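Comments concern the structure below.
The values are calculated or read from the model by the stated rules, or taken from the named source; none is laboratory data. Fair warning: this is a prediction, and the values are worked out from it, not measured in the lab. Positions of Cβ are generated from backbone atoms using ideal geometry, with glycine treated the same way; all protein chains shown enter the neighbour counts. When the accessible area is computed, the model is the full protein with side chains, heavy atoms only, and any ligands, DNA or RNA have been set aside. Shrake-Rupley method; radii C 1.70, N 1.55, O 1.52, S 1.80 Å.
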Amino acid sequence: MLANVMPQRGTFFELLGAHTDRLVGGANATLRLVSGLGNTSEPNLALIEEVNANEASADRIKADFIKLLYESFTTPINREQLHTLILDLDRVLDTLQCVANAIAVYNIASSTAEARSMASFGADACLRLNRAVIALADRNRAADIIAFCREVEELESRAGADMRAAVTKLFENEGDEQAAWHAMKMRGFYFTQEAVLDGCKRAAKTIEEILIQNA
């Protein structure tokens, strides 16, 4: 009974780490999906399912984490901060799932340089979040964590610039109704890709706030 209300400190970080492992898995699958559009070497549906599987697994970990969080008498970090962090991380994976599923919904058959670039930034940002979350367990790694978070913020800025350039390019030339529909669906797709980086930046800010309040 005591173990349930006073779990080992490491259990919280193990669950956070496991969740961000799924985040990295989902981001890498999304990168392969976007990069491989038009290339039949790796089926789109299999990669979309890989993203969905990572999201479903992360949802189960999130549920276990929140249950542990509110059943525990003590937590290694402020309870509300931990709750906010797991929700921030989970939203990123939810958005990655939206990117992957949009490819099937919008019938996007080919990629663009900007889409590939944003997918790459997303995968890199998720990896930085994973490393930052793992480092949270070590009180002596504050400098490393800050560096990872700043890298996430830089990646978000670069992705935002790519998104704006991509959308501008879509509407440079007027076309027929089919071209207009293509421009609108790609605009929505680019916005969803950029939302992945926005979510990563939000999670990085939460991690930075945790460091400041627990210094």
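List of remarks:
- Breaking point among (1) open to solvent by 30 Å² or more (accessible area, probe 1.4 Å); (2) more than 15 Å from the chain's Cα centre (by Cα); (3) not aromatic (Phe, Trp, Tyr), for Ala56: (2)
- Test result for Arg22, without any contact (Cβ under 8 Å) to a residue 60 or more places away in the chain, farther than 22 Å from Gly188 by Cα and of a type outside the set (Asp, Glu): no
- Looking only at region 122-156, and only at residues there that are over 17 Å from the mean Cα position of the chain (by Cα) and among the small types (Gly, Ala, Ser), the one that is least open to solvent (accessible area, probe 1.4 Å): Ala135
- Verdict on Glu172 being out of contact with any helix residue (DSSP H, G or I) (no Cβ under 8 Å at 6 or more places or on another chain) and outside any helix (DSSP H, G or I): yes
- Residue satisfying condition, being over 17 Å from Arg22 (Cα atoms), part of a helix (DSSP H, G or I) and under 17 Å from the mean Cα position of the chain (by Cα), within set Ala100, Ala115: Ala115
- Residue in region 172-186 that is open to solvent by less than 60 Å² (accessible area, probe 1.4 Å) and either in contact (Cβ under 8 Å) with a residue 24 or more places away in the chain or closer than 23 Å to Asn28 by Cβ (or both) present: yes
- Only one of Ala203, Ala159, Ala166 that is in contact (Cβ under 8 Å) with a residue 60 or more places away in the chain, in contact with an Asp or Glu (Cβ under 7 Å, 6 or more places away or on another chain), open to solvent by less than 40 Å² (accessible area, probe 1.4 Å) and in a helix (DSSP H, G or I): Ala203
- Restricting Leu68, Leu31, Leu89 to those that are open to solvent by less than 50 Å² (accessible area, probe 1.4 Å), modelled with pLDDT under 95, on the phi < 0 side of the Ramachandran plot and among the aliphatic types (A, V, I, L, M) reduces the list to Leu68.
- Filter result for Gly36 (open to solvent by less than 20 Å² (accessible area, probe 1.4 Å) and in contact with a helix residue (DSSP H, G or I) (Cβ under 7 Å, 6 or more places away or on another chain)): no
- Selection of first residues in region 60-87 that are over 14 Å from Ile210 (Cβ atoms) and hydrophobic (A, V, I, L, M, F, W, C) and of second residues that are open to solvent by 30 Å² or more (accessible area, probe 1.4 Å) and not in a helix (DSSP H, G or I), restricted to Cβ pairs under 6 Å at least 6 apart or on distinct chains, gives the following pairs, ordered by first then second residue: Phe73/Met6.
- With respect to being of a type outside the set (Phe, Trp, Tyr), open to solvent by less than 20 Å² (accessible area, probe 1.4 Å) and either closer than 18 Å to Ile134 by Cα or at pLDDT 95 or above (or both), Gly10 falls outside the description.
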